[in-house]
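All remarks here apply to the structure that follows.
The values are calculated or read from the model by the stated rules, or taken from the named source; none is laboratory data. Keep in mind that what you see is a predicted model, and the values were worked out from it rather than measured. Every residue, glycine among them, receives a Cβ derived from its backbone with ideal geometry; neighbour counts consider all protein chains shown.
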Amino acid sequence: MGVPQFSIKRTNMTDEEKLRNLVLAPYILKATALIGVQRKVGGNQFRHAMATLTILLDYKLFSDPVLLKASVIHDLIEDVPNTNIEELKRIDSDACKVIDLVQEVTRHLGESKVHYLKRILNSGSPNAKLLKVADRISNLTDLHLGIFSPEKFQRYINETEKYVLPMAKEVSPNMYKELKDLIIIRREK
């Protein structure tokens, strides 16, 4: 008979230890369903999910595994309608919280874009706002005038400034600065 295995969550782990102990593989495997979902800017939604994760890591947001796991599958439910949510909930001990966060940043059926962004801005959790800001930074990085009409391009910049920039200001001064700079750069184009 072996020794029972259990995990002890230490609150004083270093960033390196937090990353070393983070288990993302099951979420990445689920996110591979996004490989077939093309983006208008090129590439696919899987790469966008990975970019969103790396933006959070770039800002050293290592301490919340739920946020990092949710970033990997944040578009899965919306973009792959046959996603089995009950199966996702069984991935690990964080899965229910991960799904709750993903659903918080998922645009509901019939919900206008403006209402969706207002909902997150006005009543979203800090993690929902962080995730939405990282998502928008990724989207703005990929936004090119040659892909969208000038009107759609400008509308996207305006909604970012009106709804997402205040989220960033609330949750991360550094993300706020990057988002503000991206808005300025995109407006110049």
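Details
- Phe153 being outside any helix (DSSP H, G or I) and either within 20 Å of Ile55 (Cα to Cα) or more than 14 Å from the chain's Cα centre (by Cα) (or both): no
- The range 50-65, subset surrounded by fewer than 17 Cβ atoms within 10 Å (Cβ to Cβ) and in contact with a Leu (Cβ under 9 Å, 6 or more places away or on another chain), residue nearest to Leu24 (Cα to Cα): Leu57
- Leading residue by the ranking (nearest to Phe148 (Cα to Cα)) among those in the range 23-36 that are assigned to a helix (DSSP H, G or I) and either in contact (Cβ under 8 Å) with a residue 40 or more places away in the chain or touching a His at 6+ places or on another chain (Cβ under 7 Å) (or both): Leu34
- Qualifying position, being in contact with a Gly (Cβ under 7 Å, 6 or more places away or on another chain) and either of a type outside the set (Gly, Ala, Ser) or surrounded by fewer than 16 Cβ atoms within 10 Å (Cβ to Cβ) (or both), among Glu111, Glu104: Glu104
- Pairs with Cβ under 8 Å, 6+ apart, first in the range 144-171 and farther than 22 Å from Ser112 by Cβ, second hydroxyl-bearing (Ser, Thr, Tyr): Lys169/Tyr176
- Scanning the range 83-135 for residues that are basic (Lys, Arg) and in contact (Cβ under 8 Å) with a residue 24 or more places away in the chain turns up Lys97, Arg107, Lys113, Lys118, Lys129, Lys132.
- In the range 81-96, the condition of being surrounded by fewer than 19 Cβ atoms within 10 Å (Cβ to Cβ) and under 21 Å from Thr160 (Cα atoms) is met by no residue.
- In the set Arg20, Arg47, only one residue is among the charged types (D, E, K, R), more than 18 Å from Glu78 (Cβ to Cβ) and either surrounded by 11 or more Cβ atoms within 10 Å (Cβ to Cβ) or without any contact (Cβ under 8 Å) to a residue 24 or more places away in the chain (or both); that residue is Arg20.
- Residue in the range 173-183 that is free of Cβ contacts under 8 Å to residues at least 60 places away in the same chain and either touching a strand residue (DSSP E or B) at 6+ places or on another chain (Cβ under 9 Å) or not in a helix (DSSP H, G or I) (or both) present: no
- Of the set (1) surrounded by 15 or more Cβ atoms within 10 Å (Cβ to Cβ); (2) more than 14 Å from the chain's Cα centre (by Cα); (3) within 16 Å of Leu56 (Cβ to Cβ); (4) of a type outside the set (Val, Ile, Thr), all apply to Arg186 but (3).
- Helices (runs of 4 or more DSSP H) within the range 37-141 that include 2 or more residues within 21 Å of Ile157 (Cβ to Cβ), at pLDDT 95 or above and under 11 Å from the mean Cα position of the chain (by Cα): 45-58
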